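S.K.: The structure under discussion is supplied below as structure tokens; questions concerning it will follow.
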Amino acid sequence: MFAALAILALALGIGVNSAIFSVVNAVVLQPLPFSQPERLCVIYASRPGGLARYDFIPDPYFLQIQKQNTAFEHVAAFSGGLTSLTGIAEPIPITGQMVTDDFFSVLGVKASLGRTFIPEDLKENAKVVVLSDGLWRAHFASDRGVVGRSVRVDGTPHTIIGVAPPGFAFPAKADLWARLDLTPKTGNVWQRRIIGRLKSGAPITQARAETAALMERLNSQSERPVRSLTGGVVLLQELLVWKVRPSLWILLGAVSFILLIACANVANLMLARGAARRQEVAVRASLGASRMRLIRQLLTESALLALLGGTLGLLVASWTLPALVALVPEGMIPRLDEVTINGQVLAFTLILSLATSLLFGLAPAIQMSNSRLMEFLKLGDGRSSSGQGLRSLLVISEIALSLVLLIGAGLMIKSFVRLRSVNPGFNPESVLVMTADLPMTTQQTSQQLHEYHREILAKMAALPGVIAAGAINWLPFDMPLITGDYYAEGNRAHFNVTKSGVTTDYFRAMSIPLLRGRTFEPRDTEGSTPVAVIGKSVAKNSWGDEDPIGKRITLEDHPKPNDWLTVVGVVDDVKQRELAEKSPLPVVYQPLSQVTRPFFLFHVAYVVRATGNPTLLAGMMKTRFREVNHEQPIQLIAPLEDLISATTAQPRFYSRMLGSFSALALLLASLGIYGVIAYSVVQRTREIGIRVALGAQPADVFRSVMSRSAVLVSIGVAIGLAGAFAVTRVLKTLLFEVKPTDPATYVSVSAIMFLIALLASYIPARRATTVDPMVALRYE
């Protein structure tokens, strides 16, 4: 029983550590699976007050970097997202990436079938694509004759020239790569990621200095009054992990606490078992065994237990790892498909097991080998108070470590609850969203596109149970968003806003509060006066406390008379990217019917508010859409609440992980408290018998045992509070509107810890009240 309990406790501690380490190893420690990955860099532009640490670079800047840089061997640009693939059995939505010709050369990746892009493709302006291995197997039945076949990507015919090697899906699980031909343009430009391979021997410092100087020069030559871009270079691996690396180390630190608690439990078990073996140890010593010989024997037993626990821990890790990976929100942690129990994890587990044997075995070995020979040779029953102080110290440590984890989990849970209670600026309940992007190559005028969307909306609005049906070209919480500058009449400053075109019923379908003026009406058509509805922060930035109704703004850098929009209404601000936004991005809404550029009409999301469960409308919405367009795949159909929930997936994941780890730690600590108090009662049987024989009441005995437990718990809680105050500061970046030193969390979690620890002492304390003095005093 002793061996089983010890091995089980160690298996839990080592297993969760091995599982988390396998993720850290694959994501943070292992090099990228490319040729010479240490030479792969990302060139980025940072903006004053930018939303991200690494921003994308405009196309004109990329073209100049491509021509003028001297530090990089190859430079490539890429961007992408959801698109459609037709020309096969059934149209399907896919993740497509538009990449320049050097993309595969930068990464050092060669096709497993066919070829990748070559310079001749650029000269011929060829429409060619490379398939991912997954897409090739799933939708082309692994047909090796696929090279040369024609498919339609986003409505445009492309020729398949190759299939990427298995496992390659950079960036972000791409299904397909198409050629991107960039030419200098003025006006609105795309912004993309830029990746480069350093020349052999070229230091990254040279690339950084060169990029910064080039970006500064390009800023001075720019005709657009944009905010200055600061250029930088970062290693590709750094860019992939910089957001998640601190969080993964925090999780690994949390599970190390569990292992320490498991070690303390096993050490307590060994001390308890050692009390019964002290006579054996004393006999060995009296027959000539040296103290070092005894310590070696006891440590050998500890190492055997640890190795058995580590072996079982590997099984625990192999069972828990798939569940752990499945819980990770999509796109949150890169390279998850590379996470596995490999040689590094096996070595980590072996080292951890051996280190663990020293942690829980050394103190009991020293304690037991220090036995006073005559005392233990005389005591046939092996009972002694020796070792009580060490066992108490171990229990205090368990309580303190558990409390640190519990407080960390409490902070994360409180942060998540506050995040979920944030008002996004609209009511997402009972709203269903559907997107089905039209190919941007569709040869349709803006009038034809408007008619297309009106027909679909009319069918959606006619469905039973629909309260309102609207459309928007860039839906909040559904990336990407289109942002840019706007100018208020009479104000020389320019501001960054999200530019959205919406239909008449959009505000009603989303339940966005109208604060002043009116929303759009059927009379706001292409031929009427251009109008706009603005968010309240736009009104505040542009005109302060003045009434904005009737004032004019423009979204153009060089506006013509028809480019000025008259403000007819002000609505509440709406969160655009995530609930955790400290201040929502300002929004300028235009009537979709007054949007004339076809580019802004290809991507449209339809939103439907229903009287009941909106998911019941999904099937009917698909049918009505197919009646209008049976060739276009539907990319998304989901409740709006799911889109919002996806933005809180990361804090939800961390709350679940820390909550699970702290619950396991609390269980182990409770078992440790129970074991120490129960053993203490056994050790004090004679003492308790004497007390009862002299007139002590059961209540007196109960209070005596519980008071000792309360002292241990109080000391453990006090140390745990101090530790939590120091350690939980690492959670600062993960918390939302909660301080790492939140008093309410500290007090409530400490009270729960105190209560559970006392409950663990209750059964031994009750058992102590039933001691029979005649049995307790009987001499063997």
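The values are calculated or read from the model by the stated rules, or taken from the named source; none is laboratory data. What you are looking at is a predicted structure, and each value in this text was computed from that prediction instead of being measured. FYI the Cβ positions are ideal-geometry reconstructions off the backbone, even for glycines, and counts take in every protein chain you see. All accessible areas refer to the heavy atoms of the entire protein, side chains included, with ligands and DNA or RNA removed. Shrake-Rupley method; radii C 1.70, N 1.55, O 1.52, S 1.80 Å.
S.K.: Across the stretch 155-200, what is the number of residues that are at pLDDT 85 or above, open to solvent by 40 Å² or more (accessible area, probe 1.4 Å) and of a type outside the set (D, E, K, R)?
M.R.: The number of residues fulfilling the criteria is 4.
S.K.: Next question. Taking F416 as meeting all but one of (1) open to solvent by 10 Å² or more (accessible area, probe 1.4 Å); (2) under 17 Å from N265 (Cα atoms); (3) touching a helix residue (DSSP H, G or I) at 6+ places or on another chain (Cβ under 8 Å); (4) hydrophobic (A, V, I, L, M, F, W, C), write down the number of the exception.
M.R.: Condition not satisfied by F416: (2).
S.K.: Would it be correct to say that R227 is surrounded by fewer than 19 Cβ atoms within 10 Å (Cβ to Cβ) and either at pLDDT below 90 or not aliphatic (A, V, I, L, M) (or both)? Outline the logic, then answer.
M.R.: Details: surrounded by fewer than 19 Cβ atoms within 10 Å (Cβ to Cβ): yes; either at pLDDT below 90 or not aliphatic (A, V, I, L, M) (or both): yes.
Here the answer is yes, as R227 does meet what is asked.
S.K.: Sticking with this structure for a sec: Name the pairs: first residue in the stretch 305-316 and in contact (Cβ under 8 Å) with a residue 60 or more places away in the chain, second residue open to solvent by 60 Å² or more (accessible area, probe 1.4 Å) and in a helix (DSSP H, G or I), Cβ to Cβ under 8 Å, at least 6 apart or on different chains?
M.R.: A306/L354; G309/L8; G310/L350; L312/L8; L314/L346
S.K.: May I pose another question? At least 2 residues that are closer than 30 Å to L240 by Cα and under 34 Å from the mean Cα position of the chain (by Cα) in each: list the strands (runs of 3 or more DSSP E) lying fully within the stretch 119-205 that qualify. Give the steps one after another, and end with the answer.
M.R.: On the way: elements: 128-131, 150-153, 156-163, 176-179, 191-198.
Here the list reads 128-131, 156-163, 176-179, 191-198.
S.K.: Kindly establish whether V316 is assigned to a helix (DSSP H, G or I), open to solvent by less than 60 Å² (accessible area, probe 1.4 Å), under 28 Å from V266 (Cβ atoms) and of a type outside the set (S, T, N, Q).
M.R.: Judged against the criteria, V316 is a match.
S.K.: Please find, among R152, R115, the residue that is open to solvent by 30 Å² or more (accessible area, probe 1.4 Å), over 28 Å from E330 (Cα atoms) and of a type in the set (D, E, K, R). Reasoning before the result, please.
M.R.: Working: R152 fails: over 28 Å from E330 (Cα atoms).
Going through R152, R115 in turn, just one is open to solvent by 30 Å² or more (accessible area, probe 1.4 Å), over 28 Å from E330 (Cα atoms) and of a type in the set (D, E, K, R): R115.
S.K.: Sticking with this one: Please work out which one of (1) part of a loop (DSSP other than H, G, I, E, B); (2) within 28 Å of the chain's Cα centre (by Cα) is the condition L438 fails and give its number.
M.R.: Going through (1) part of a loop (DSSP other than H, G, I, E, B); (2) within 28 Å of the chain's Cα centre (by Cα) one by one, L438 breaks only (2).
S.K.: Is one or more of the residues making up the stretch 744-766 in a loop (DSSP other than H, G, I, E, B) and touching a Ser or Thr at 6+ places or on another chain (Cβ under 6 Å)? Give the derivation first.
M.R.: Start the filter on the stretch 744-766 by keeping residues that are in a loop (DSSP other than H, G, I, E, B), which leaves none.
The answer is no, given that none of the residues of the stretch 744-766 is in a loop (DSSP other than H, G, I, E, B) and touching a Ser or Thr at 6+ places or on another chain (Cβ under 6 Å).
S.K.: Across the stretch 447-476, what is the number of residues that are open to solvent by 20 Å² or more (accessible area, probe 1.4 Å), among the small types (G, A, S) and either on the phi > 0 side of the Ramachandran plot or touching a Ser or Thr at 6+ places or on another chain (Cβ under 9 Å) (or both)? I'd like the intermediate steps shown before the answer.
M.R.: Initially, the stretch 447-476 is screened for residues open to solvent by 20 Å² or more (accessible area, probe 1.4 Å), giving 447-448, 451-452, 454-455, 457-459, 461-462, 464-467.
Next, from what is left, pick out any that are among the small types (G, A, S): 458, 461-462, 465.
Still in the running and either on the phi > 0 side of the Ramachandran plot or touching a Ser or Thr at 6+ places or on another chain (Cβ under 9 Å) (or both): 465.
The total comes to 1.
S.K.: Restricting to the stretch 674-719, and then to whatever is open to solvent by less than 40 Å² (accessible area, probe 1.4 Å) and either basic (K, R) or closer than 21 Å to A254 by Cβ (or both), can you tell me which residue is farthest from the chain's Cα centre (by Cα)?
M.R.: Only one residue tops the list, namely G716.
S.K.: Something else now. Residue by residue through the stretch 436-456, note down the ones that are among the β-branched types (V, I, T) and at pLDDT below 90.
M.R.: Taking the stretch 436-456 first, the residues among the β-branched types (V, I, T) are 441-442, 445, 456.
Correct list: T441, T442, T445.
S.K.: Related question: Restricting attention to the stretch 535-547, report how many residues are of a type outside the set (K, R) and either touching a Ser or Thr at 6+ places or on another chain (Cβ under 7 Å) or open to solvent by 20 Å² or more (accessible area, probe 1.4 Å) (or both). Let's see the steps before the verdict.
M.R.: The first filter runs over the stretch 535-547 and keeps only residues of a type outside the set (K, R), leaving 535, 537-539, 541-547.
When the remaining residues are screened for being either touching a Ser or Thr at 6+ places or on another chain (Cβ under 7 Å) or open to solvent by 20 Å² or more (accessible area, probe 1.4 Å) (or both), the result is 537, 541, 543-547.
Residues flagged as of a type outside the set (K, R) and either touching a Ser or Thr at 6+ places or on another chain (Cβ under 7 Å) or open to solvent by 20 Å² or more (accessible area, probe 1.4 Å) (or both) within the stretch 535-547 amount to 7.
S.K.: Those residues that are open to solvent by less than 30 Å² (accessible area, probe 1.4 Å) and more than 20 Å from P480 (Cβ to Cβ), I need them from the stretch 61-75; list them, please. Break it down stepwise before answering.
M.R.: Here is the first cut: in the stretch 61-75, the residues open to solvent by less than 30 Å² (accessible area, probe 1.4 Å) are 61-63, 65, 69, 71-72, 75.
Matches in the stretch 61-75: L63, I65, N69, A71, F72, V75.
S.K.: OK, next. Exactly one of (1) among the hydroxyl-bearing types (S, T, Y); (2) surrounded by 17 or more Cβ atoms within 10 Å (Cβ to Cβ); (3) touching a strand residue (DSSP E or B) at 6+ places or on another chain (Cβ under 8 Å) is unmet by T529. Its number?
M.R.: It fails just one condition, (2).
S.K.: Every residue in the stretch 94-112 that is closer than 23 Å to D59 by Cα and either open to solvent by 80 Å² or more (accessible area, probe 1.4 Å) or assigned to a strand (DSSP E or B) (or both), please.
M.R.: Step one: list which residues in the stretch 94-112 are closer than 23 Å to D59 by Cα, which gives 95-107.
Hits for the stretch 94-112 are T95, G96, Q97, M98, V99.
S.K.: What are the pairs with Cβ atoms under 9 angstrom where one residue, in the stretch 586-613, is within 18 Å of P639 (Cα to Cα) and the other, located anywhere, is at pLDDT below 85 and among the aliphatic types (A, V, I, L, M)? Sequence gap at least six, or different chains.
M.R.: If the second residue must be at pLDDT below 85 and among the aliphatic types (A, V, I, L, M), the pairs left are V604/A436; V604/L438; Y606/A436.
S.K.: Would you please list the contacts, defined by Cβ atoms under 7 Å and residues six or more apart or on different chains, that run from a residue in the stretch 446-474 that is assigned to a helix (DSSP H, G or I) to a residue that is open to solvent by less than 10 Å² (accessible area, probe 1.4 Å) and aromatic (F, W, Y)?
M.R.: Note: pairs meeting the criteria are I456/Y606; I456/F625; L457/Y606; M460/Y606.
S.K.: Hey, can you tell me all the residues within the stretch 82-93 that are surrounded by fewer than 21 Cβ atoms within 10 Å (Cβ to Cβ), in contact with a strand residue (DSSP E or B) (Cβ under 8 Å, 6 or more places away or on another chain) and either on the phi < 0 side of the Ramachandran plot or without any contact (Cβ under 8 Å) to a residue 24 or more places away in the chain (or both)?
M.R.: Residues of the stretch 82-93 surrounded by fewer than 21 Cβ atoms within 10 Å (Cβ to Cβ): 82, 86-93.
Filter once more, keeping what is in contact with a strand residue (DSSP E or B) (Cβ under 8 Å, 6 or more places away or on another chain): 82, 86-88, 91-93.
L82, T86, I88, P91, I92, P93, listed by residue number.
S.K.: Of all residues being more than 35 Å from the chain's Cα centre (by Cα) and touching a residue at least 12 places away in the same chain (Cβ under 8 Å) in the stretch 491-504, which is nearest to V608 (Cα to Cα)? Just the residue, please. Before you say what the answer is, go through the steps one by one.
M.R.: Step one: filter the stretch 491-504 for residues more than 35 Å from the chain's Cα centre (by Cα), giving 491-493, 504.
Add one more test, that the residue is touching a residue at least 12 places away in the same chain (Cβ under 8 Å), and what stays is 491, 504.
Numbers: N491: 38, T504: 13 Å.
So the residue we want is T504.
S.K.: Across the stretch 477-526, what is the total count of residues that are open to solvent by less than 40 Å² (accessible area, probe 1.4 Å) and in a strand (DSSP E or B)?
M.R.: Qualifying residue count for the region: 11.
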